[in-house]
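In what follows, a structure is listed as structure tokens, so that the remarks can point back to it.
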Amino acid sequence: MTDDAQIGEYPRWPEEIFGVLCDAEVTQVAYVPDAGHARLIELCQANGSMRSVALTTEEEGVALLAGAWLGGARGVLLTQSSGVGNCINMLSIVQECRFPLLVIVTMRGEWGEFNPWQVPMGQSVSDALGNAGVIVHPVDAADEIADTVAAAAELAFNAFRAVAVSISQRVIGSKVWK
Amino acid sequence: MSSSESSGNLDRREVVAQLLAGRGDALLITGLGSTTWDAAAVGDREENFYVWGGMGGAAMIGLGLALAQPERRVLVITGDGEMLMGLGAFATIAVQHPANLSVVVIDNEVYGETGMQPTHTHFGVDLAGMAAAAGFESACTVYTQSDLDTLCASLYSTRGPLFASVKVSGDRHETVLPPRDGTYLKHRFRRALLGDAEKGSLAGRTS
Ligand SMILES: Cc1ncc(C[n+]2csc(CCOP(=O)(O)OP(=O)(O)O)c2C)c(N)n1
Ligand SMILES: [Mg+2]
């Protein structure tokens, strides 16, 4: 990667997303780990005002964050693209009740993928989320990630919508994978 | 399946009425189907959030709520079929270990709403054993009235997460319908719990 947003060994965008989540007063961070989210998960776990909730499957996070909103709290779901497929029926709660939902999806099965098993779900993310009533903001440049997440958080929590930011494999790059 | 085939003989409506009798200001989440009708039969309240869909999600909604409202007791009442669809929640809840969360399954050992087909609990799958193995603070199976009295004495006060599976008969009851519009249920719950803050601040505006 030769992107401006990458300095030294680590890309800067996970820190930037973390800053956006702090500004948005996110207090529940639900995730099933993905390599692309590794740094962000570490940052959230180290933050005293955020509760990190490791899930066994991503649909748990959709239900968790509905409960969080009922209780007056804001959350985010961090998932790999394959995890989107695990969420579909649970998203009917979000759509029916118009719960705010912020999801950050790290893509697989898309730019330069080597694992064919990732392709079916990766290629379905946008349509699947759209069909489930989730607005999708794709982003494929590192220096646009923070702004996109901030806009998505605004749309989710202030306009009460379900919004996913899908971060292209093109940005996540090979560095994070090893 | 006849009702005698369930290993339980408690009456679900009486069980849920007794569970809710001492609730005070506790917040209630119910699972899809019969447990929602049971709670509605006891009496509709703004602090009740009935999940009419999203099978498998009731306990996790309870977790998100319990973490957001650590000072309030949160009770989830759901069916055995609904709980079986989200067994991973046992592990997730146990790891978070919310002291204010109680999850009670009304276990009739069938998928009641869909025609009384036996669930896995009918064949011996032990939900309380699973919750205990996951690491719940306490977990029990309730068979008798005296077991139920013991549960009710600790349901809102004992340190959570608490899990109980209450074995009830397969008898079906009249369907009592609470409100079902999701946005309405959400708004009235938040208004009852959060007051004016329900409207939501504009915190997090980017500029
Ligand atoms: C994902 C999904 N699969 C299947 C159903 C159909 N369904 C509706 S209610 C129900 C049974 C619920 O059984 P249980 O939780 O044990 O409730 P009870 O026996 O008290 O009615 C099922 C399978 C559904 N609503 N959603
Ligand atoms: Mg049942």
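Worth a mention:
- FRET efficiency, 1/(1 + (r/R0)^6) with R0 41 Å, evaluated for B:H97 and B:T175 via beta carbons: 0.70
- Low-density loop cleavage sites - chymotrypsin sites (Phe, Trp or Tyr not before Pro) in the stretch A:41-125, where at most 12 other Cβ are within 10 Å (DSSP): A:F114
- Over the Cα atoms of chain B, the radius of gyration divided by the Kirkwood radius equals 0.97; this is the Rg/Rh ratio.
- Residues of the stretch B:148-192 buried by at least 50 Å² of accessible area upon assembly of all protein chains, compared with the chain on its own (1.4 Å probe): B:K186, B:R190.
- FRET efficiency for the pair A:N131 and A:F160, taken as 1/(1 + (r/R0)^6) with r the Cβ-Cβ distance and R0 = 22 Å, rounds to 0.65.
- Compactness relative to 2.2 N^0.38 Å, alpha carbon Rg of the stretch A:8-172: 0.93
- Residues along the stretch B:66-82 losing 20 Å² or more of accessible surface when the other protein chains are present rather than the chain by itself (probe 1.4 Å): B:L67, B:A68
- For chain B, the relative contact order is 27 percent, taking Cα pairs closer than 8 Å that sit 6 or more residues apart in sequence and dividing their mean separation by the residue count.
- Distances between every pair of Cα atoms in the stretch B:1-98, grouped in 5 Å steps from 0 to the bin holding the largest one, split as 3, 13, 22, 23, 21, 13, 4, 1, 0 percent.
- At a threshold of 50 Å², the residues of the stretch B:17-61 that become less accessible to a 1.4 Å probe in the full protein assembly than in their chain on its own are B:G54, B:M60, B:I61.
- Where B:L177, B:L63, A:L43 fall by accessible area, highest first, once all protein chains stay in place (1.4 Å): B:L177, A:L43, B:L63
- The residues B:M116, B:M83, sorted by heavy-atom accessible surface at 1.4 Å with ligands and nucleic acids left out, run B:M116, B:M83 from largest to smallest.
- Charge tally in the Cβ shell below 11 Å around B:R45, where Lys, Arg are +1 and Asp, Glu are -1, B:R45 excluded: -2
- Accessible carbon and sulfur surface of the stretch B:12-177 relative to its total accessible area, %, 1.4 Å: 54
- Its relative contact order, with pairs defined as Cα atoms under 8 Å and 6+ residues apart, puts chain A at 24 percent.
- Put simply, the amide H of A:S166, placed in the peptide plane, has neighbours under 5 Å in A:V105, A:H137, A:V139, leaving out anything fewer than 5 places away on its chain.
- 5 angstrom amide H check on B:Y111, placed H, neighbours 5+ away: B:M116, B:Q117, B:T119
- Portion, in percent, of the accessible area of chain A that falls on carbon or sulfur, probe 1.4 Å: 51
- Sparsely packed GluC sites (Glu not before Pro) within the stretch B:1-94, loop by DSSP, other Cβ within 10 Å at most 11: B:E71
- Counting every pair of alpha carbons in the protein assembly as shown, the share spaced more than 29 Å apart comes to 42 percent.
- Across the stretch B:96-112, rounded Karplus estimates of 3J(HN,Hα) from the backbone phi angles (6.51 cos²θ - 1.76 cosθ + 1.60, θ = phi - 60°) give 6, 6, x, 6, 9, 10, 10, 10, 10, 9, 8, 9, 9, 6, 9, 7, x Hz, Gly and Pro being marked x.
- Residue-normalised accessible area of the stretch B:12-177, expressed per residue, 1.4 Å probe, Å²: 34
- Each part gets one Cα centre, and for the stretch B:1-46 versus the stretch A:79-144 those centres are 36 Å apart.
- Among the GluC sites (Glu not before Pro) in the stretch B:127-207, those located in a DSSP loop and surrounded by at most 14 other Cβ atoms within 10 Å of their own Cβ are B:E174.
- At a probe radius of 1.4 angstrom, the accessible area of chain A per residue rounds to 41 square angstrom.
- When the accessible areas of B alone and A alone are added and the area of the pair subtracted, with a 1.4 Å probe, the result is around 2600 Å², both sides summed.
- A simple rule links phi to the HN-Hα coupling: the Karplus curve 6.51 cos²θ - 1.76 cosθ + 1.60 with θ = phi - 60°, which for the stretch B:7-19 gives 6, x, 9, 5, 8, 4, 5, 5, 4, 5, 4, 5, 4 Hz, with x for Gly and Pro.
The values are calculated or read from the model by the stated rules, or taken from the named source; none is laboratory data. Owing to the predicted nature of the structure, the values given are computational and were not obtained by experimental measurement. All Cβ positions, even for glycine, are placed from backbone atoms using ideal geometry, and neighbour counts span all protein chains on display. Calculation scope for accessible area: heavy atoms of the full protein, side chains included, ligands and nucleic acids excluded. Shrake-Rupley method; radii C 1.70, N 1.55, O 1.52, S 1.80 Å.
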